[in-house]
Structure formats: C-alpha cells, structure tokens
Amino acid sequence: MTKRIYLDHAATTPMRPEAVAAVIDGMARWANPSSPHAEGRAARRALEEARARIATALGWDGEVILTGGASEALSIALRGAGRTGTIVTSVEHDAVLRVAEGHGRMPVGADGLVDLRDGSWLSHATDRFVIQSANSETGVLQPLDVIDARRREDWIGRRITLLADCSQSAGKLPLPPADLIVVSAHKLGGPPGIGALLVRDLSLLTPTGGQEQGYRGGTENLPAALGFAAALEAPRDWFDRAVALRRDLDAVVRGNGGEVIADASPRIATIAAYRLPGRSAAAQLMRLDSAGFAVSAGSACSSGTLKTSHVLGAMGIDAKAASEVIRVSFGWTTTADEVERFAAAWKAMA
C-alpha cells in the first residue's frame, strides 16, 4: 500500500521526536507542581525551567503564561482588564470571533491584508487591536511591524494595545512587536493541549485566581510544558525548505488551471489556499483523500462542516468561488517527493 501523504500541518503537525521524549520523561517523574512536598517542588522547578526555555527559544523577555492551547490564551487575553474598545480583523480565527462578538471589525482588501490607509473603522474608543500574524486559511502575513509603528504614533491620543495571534507563525518566524502574543504548541511539533500567552505587562490581564500567577485555573501540565520547550528547541532548518516547496507548488497550480489565493501578498511558506474552478472543495477533498493525500478546506475548527469561509468572504471572494478552495499546508516532515506527488495528483484532478 502506498504511504499516505499528510499536507494538513496548519491543522496540527506531528509531534517531533524530541517533544515525544520530553513528554515521556515528564510522565515518568510526574508530580503536581503545586504540591509543597519534595516531589512537588521538583516538578515546580522543572515547570519553571520549561517556561524559561520556551521564552528563550521564542526570543521573548516578558511573562509566559502557559495555557491549554491557543484558544484559551486568546480568551484570557480578550477578557483583559480595562479593554472596552476592541477591534478585530474580519479574517480572524473563529476562536477570536466567538469571544470578540459585538466588537468592531477591521476590513481587509482582496489581497487579504488590512488597509491601513483607511482609518474609518478606528473610532475614538478603540484601545485594542487583535490581529492574526499569519492567516490560518490563506497564509497571508499581516504587516505587524507597520501596525506597531502606526499605533506608536498615537492615532487617537492614547496607546493602543496590540494582541497578535501567532498560532501559525511562532516557532517558524520571529515574533512580531506586540503587547500580547498567542502561541500554540501543536502547530510547531509540540504536544496538543498546551499553548502560551506571552505578556509584556500583566496589568493588561484580569486575574481570575488559580494557577499561572492567578490567570488560569487547573493543574499545570508539566509533561506538555516539557514537550513544548523541546519542540521549540528542535532545528528549524526545514522552514527554509518549505519556502521552495510552496513556491514550486504554486507554479504547478497556476499552470494547470488553478488559482493561488492572495498570490501577490506576503504569505507564510507553510500555508497555501488553492482554487480549482468548477470543482467543489468537497469533491477535491474526497478525490485527494482516496488518492492518499490529507488536505483541508479552511481552518480545522470549521472545515468539518465545509461551510463557506468567512476569511475568503471578507476578501471579496463570492460563495461559489470560495466553495472551490482547498488548503495545503507544510510542516517539518514534508519532503520534496511528497509535494511532487501532490502536484501530480493536482494536475490529474485539474
């Protein structure tokens, strides 16, 4: 039987062997880090060492709050103290849009990028931006350095807090300048069920009691924290390879009747959205799955329903065209041979 090819790394990527070994080690010496006895104190030391390793690997010198994943990190950040005028982009992940329901929306252009020339959405009450570094469906990279510079110009007479969702980019690209940054472990080869909220100033958050300096409840997950740190410390040279692989696959799609979504925009090398006119995403997924390829339509949190993508809709892509778009995403295990075989399957399908 031909080995299946996994190209859905934006949903989750296989755990790195270093992370698996670290989780196993953590399980073998598990004790509750909040317990006062010697075993608990040893677990606490290991947890704090893992926290420091995570910060170092990411190049972060602020606070690190360990969470149950990116969605929880976003929830903690969005309930932050004193934030009354939140603006989110129209292409944020569902985990943001659910929590930020009722807040203002920042539009994007057909290229998937926020239009910073149009300040009509920015009211005098805005005090917080929420923006995804790399879009989870299209891979479009937002100009966070420019946004940071603009907010420091004091658009409306006061400082605007910047919350960056780096679930897809952390561990692959340098962190952007932001006050709050969300990181997901299982998107970069770490274990599922853990993430982090990187915090420049804890006064931006509302404490609720419990663990993690009082910002989340629940027993700390030492094995997962060790796996998270190990995944971040693993070699990242594979990302340079992904740049060439995605470029080559883009060319195949363009040359065989397909469309590369946000083709001219800056995009992370690990995510691409492709449209095949006249063939629904559902039909493409079934054909590719039967041929041994795992890809998706949209983000994992919504693709199970195959509903129309709000991201593509916000970019002005009509419902029919949006229903013909699939997502192909690369990770640390992706090889040139796998991408070549997918390209051949795409040609046959097209």
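Output the residue which, of all residues in the stretch 21-79 that are of a type in the set (D, E, K, R) and not in a helix (DSSP H, G or I), is farthest from GLY193 (Cα to Cα). Checking each candidate, the answer is ASP61.
The residue of the stretch 100-117 that is farthest from GLN132 (Cα to Cα), among those that are under 20 Å from the mean Cα position of the chain (by Cα) and at pLDDT 75 or above, is ASP111.
Is it fair to say PRO277 is open to solvent by 60 Å² or more (accessible area, probe 1.4 Å), out of contact with any Ser or Thr (no Cβ under 6 Å at 6 or more places or on another chain) and either within 30 Å of ARG16 (Cα to Cα) or free of Cβ contacts under 8 Å to residues at least 60 places away in the same chain (or both)?
Details: open to solvent by 60 Å² or more (accessible area, probe 1.4 Å): yes; out of contact with any Ser or Thr (no Cβ under 6 Å at 6 or more places or on another chain): yes; either within 30 Å of ARG16 (Cα to Cα) or free of Cβ contacts under 8 Å to residues at least 60 places away in the same chain (or both): yes.
Criteria met by PRO277.
Number of residues in the stretch 209-222 that are out of contact with any Asp or Glu (no Cβ under 8 Å at 6 or more places or on another chain) and either in contact (Cβ under 8 Å) with a residue 40 or more places away in the chain or surrounded by 15 or more Cβ atoms within 10 Å (Cβ to Cβ) (or both) equals 5. If you check LEU205, LEU197, LEU175, LEU144 for being under 25 Å from MET27 (Cβ atoms), in contact (Cβ under 8 Å) with a residue 24 or more places away in the chain and among the aliphatic types (A, V, I, L, M), only one passes: LEU197.
Criterion first (over 29 Å from ASP337 (Cβ atoms), among the basic types (Lys, Arg) and touching a strand residue (DSSP E or B) at 6+ places or on another chain (Cβ under 7 Å)) does ARG216 satisfy it? Before the answer, list the steps.
On the way: over 29 Å from ASP337 (Cβ atoms): yes; among the basic types (Lys, Arg): yes; touching a strand residue (DSSP E or B) at 6+ places or on another chain (Cβ under 7 Å): yes.
For ARG216, the condition - over 29 Å from ASP337 (Cβ atoms), among the basic types (Lys, Arg) and touching a strand residue (DSSP E or B) at 6+ places or on another chain (Cβ under 7 Å) - is met.
Within the stretch 164-187, being assigned to a loop (DSSP other than H, G, I, E, B) and either of a type in the set (Lys, Arg) or within 23 Å of ASP127 (Cα to Cα) (or both) holds for CYS166, SER167, LYS172, LEU175, PRO176, PRO177, ALA178, ASP179, LYS187. For the stretch 195-208, the candidate set comprises residues that are open to solvent by 50 Å² or more (accessible area, probe 1.4 Å), out of contact with any Asp or Glu (no Cβ under 6 Å at 6 or more places or on another chain) and not β-branched (Val, Ile, Thr); within that set, the residue that is nearest to GLY85 (Cα to Cα) is SER203.
From (1) in contact with a strand residue (DSSP E or B) (Cβ under 8 Å, 6 or more places away or on another chain); (2) among the small types (Gly, Ala, Ser); (3) at pLDDT below 95; (4) not in a loop (DSSP other than H, G, I, E, B), pick out the condition that doesn't hold for ALA345. The one condition ALA345 does not meet is (3). Of all the listed residues (ALA314, ALA336, ALA348, ALA344), the sole one being in contact with a Gly (Cβ under 9 Å, 6 or more places away or on another chain) and either open to solvent by 10 Å² or more (accessible area, probe 1.4 Å) or without any contact (Cβ under 8 Å) to a residue 24 or more places away in the chain (or both) is ALA314. For GLY190, the conditions (1) assigned to a loop (DSSP other than H, G, I, E, B); (2) out of contact with any Phe, Trp or Tyr (no Cβ under 8 Å at 6 or more places or on another chain); (3) surrounded by 22 or more Cβ atoms within 10 Å (Cβ to Cβ) are fulfilled apart from (2).
The values are calculated or read from the model by the stated rules, or taken from the named source; none is laboratory data. Computed from a prediction, not measured in an experiment: that's the story for all the values here. Cβ atoms come from the backbone with ideal geometry, glycine included; neighbour counts cover every protein chain shown. Side chains are part of the model used for accessible areas, which takes the heavy atoms of the whole protein and leaves out ligands, DNA and RNA. Shrake-Rupley method; radii C 1.70, N 1.55, O 1.52, S 1.80 Å.
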